[in-house]
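Chemist: I'd like to ask you about the structure that follows.
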Amino acid sequence: MWFSWRSNMAESAPLAGAPEGARWRMALTAGLLASAGLPLYVHLPRFVAALDLPLAAAGGLLLALRALDFAQDPLLGRLVDRMRARAGLLAALALGGLGAGFAVVFAAQPGIWALTGGLALLFTAYSLGMILLYAASVDLAASSEAGPHLNLAAWRESGALAGVLLAAVLPAALTAAVGPRAGYAAFGLLMAGAALAVWLASRPLWRALAPRRAPAFALRPLFAAGGGWLLALALANTLPVAITATLFLFFVEDHLRLGALAGPYLAAFFLAAAMAAPGWAALARRLGTRPVLAAAMALAVAAFAWAALLPAGAAWAFAAITVGSGAAVGAELVLLPALFAALLARHDLPQGVAFGLWSLAGKLALAIAAAVALPALALTGYVPGAPPGPEAARALVLGYAVLPCILKLLALGLLLALPRKVF
């Protein structure tokens, strides 16, 4: 897929009605917003420990914030639909809230209650910004066909993955250089400055959106157009990825005994996804979205079937699996949202509420994964950091590698069963 990056980016025609530089502005905005997604969940436990706050209280705090984050997306989507004429204001609120949240949480390093407020601000700003960005993508692509949406999605998702990679690596580098508290403070200030810079750079995007009256909120038109099928596919396809993400560190540290390589493996995964995304988009434009997406799902199944067979110490084999599965995720991140965006454009459906539901489907998959995988593993006697017994070791392999393969095959079956009106 990587060889197609240059041709995919260079051959794409200008977006109709979009401002100059719309693609790179969207990629830059997506990168900043994505830095407040997965990387926060990776770094928060370590950050809380550095502040000497009780981990039990922090766990309850994160659970409550997750519930807020889970419930607010459809409401934020409706807000985006109702305030299309003020998209610039919404972008300023989202990016400004993101920068302020990073500064409050990581730079100010407050007590538990101010930390709660700062994290709530961060999560809300992240959700508002992502829904606004995806809704804006529909107008900027300005087409009822999938091709322009695929091209725009390749830029957007590559930018998002680059942001995830940078935000995952930067705090570790800073804390290693100057110590935990000073390193996290520097990270917070850098992200606050980045939020301001991205807001200044992205302003032409929001001015290009055509104001129009928001349709009345209703699910029936979305489902009648086939959106329910795509939402179900998004949930089914994200669930195996969510399970592997939940169990990744346990598998690397306690099954493969390669804990020191966990960081490089994560970096390789996100880098492979970002580099492969434009190539998948180019293939989908030439061969069709359904067969290319099916091929990516098959690649993911092959990668995790191989992971189930790995013994301890199989560093290079797991590196290959990491790159292969990352490339497969790059396809899914680009193709599925592009299909959804094209469907919304064809049927002139409200974009904010629709992408609020899309975001909700992804978060529901993460919640199901955490609620099912971790308690099930605990029932086998598994203790993180300790050598697993035979039953726990089998459960860890089944949970990380075998169950995701089964779920991905079910998602593949759903993809092949999608009605033609969806494509």
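The values are calculated or read from the model by the stated rules, or taken from the named source; none is laboratory data. None of these values were measured; they are calculated from a predicted model. Heads up, the Cβs are rebuilt from the backbone with ideal geometry, glycines too, and the neighbour counts pull from every protein chain shown.
Each row is one residue, and each column tells you yes or no for (1) more than 19 Å from Lys363 (Cβ to Cβ); (2) surrounded by 19 or more Cβ atoms within 10 Å (Cβ to Cβ).
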| position | (1), (2) |
| --- | --- |
| Arg82 | yes, no |
| Ala87 | yes, yes |
| Gly97 | no, yes |
| Phe102 | yes, yes |
| Phe123 | no, yes |
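Chemist: Go through segment 83-123 residue by residue and tally those that are within 24 Å of Leu38 (Cβ to Cβ) and either of a type in the set (A, V, I, L, M) or outside the structural domain of Arg203 (by TED's automatic domain parsing) (or both).
Modeler: So the count comes out to 19.
Chemist: Okay, next question. Do we find a residue being surrounded by fewer than 23 Cβ atoms within 10 Å (Cβ to Cβ) and part of a loop (DSSP other than H, G, I, E, B) anywhere in segment 277-292?
Modeler: Taking every residue of segment 277-292 in turn, at least one turns out to be surrounded by fewer than 23 Cβ atoms within 10 Å (Cβ to Cβ) and part of a loop (DSSP other than H, G, I, E, B).
Chemist: Could I ask something else about it? So which helices (runs of 4 or more DSSP H) stay within segment 26-106 end to end and still have 3 or more residues that are at pLDDT below 75? Step through it out loud before you land on a result.
Modeler: On the way: elements: 38-50, 55-82, 87-102.
Where helices (runs of 4 or more DSSP H) fall fully within segment 26-106 and carry at least 3 residues being at pLDDT below 75, they are 38-50, 55-82.
Chemist: Please specify each residue of segment 65-98 satisfying the condition of being more than 24 Å from Ala192 (Cβ to Cβ) and free of Cβ contacts under 8 Å to residues at least 40 places away in the same chain.
Modeler: Ala67, Ala71, Met83
Chemist: Does segment 293-307 contain at least one residue that is buried (at least 22 other Cβ atoms within 10 Å of the Cβ), under 14 Å from Ala338 (Cα atoms) and in contact (Cβ under 8 Å) with a residue 24 or more places away in the chain?
Modeler: For segment 293-307, residues buried (at least 22 other Cβ atoms within 10 Å of the Cβ), under 14 Å from Ala338 (Cα atoms) and in contact (Cβ under 8 Å) with a residue 24 or more places away in the chain: present.
Chemist: Against the conditions (1) at pLDDT 85 or above; (2) surrounded by fewer than 18 Cβ atoms within 10 Å (Cβ to Cβ); (3) more than 29 Å from Arg290 (Cβ to Cβ), where does Phe223 fall short? Just the number, please.
Modeler: (3)
Chemist: If you don't mind, another one. Any idea which residue in segment 358-386 is surrounded by the most Cβ atoms within 10 Å (Cβ to Cβ), counting only those that are part of a loop (DSSP other than H, G, I, E, B) and among the small types (Gly, Ala, Ser)?
Modeler: It comes out as Gly381.
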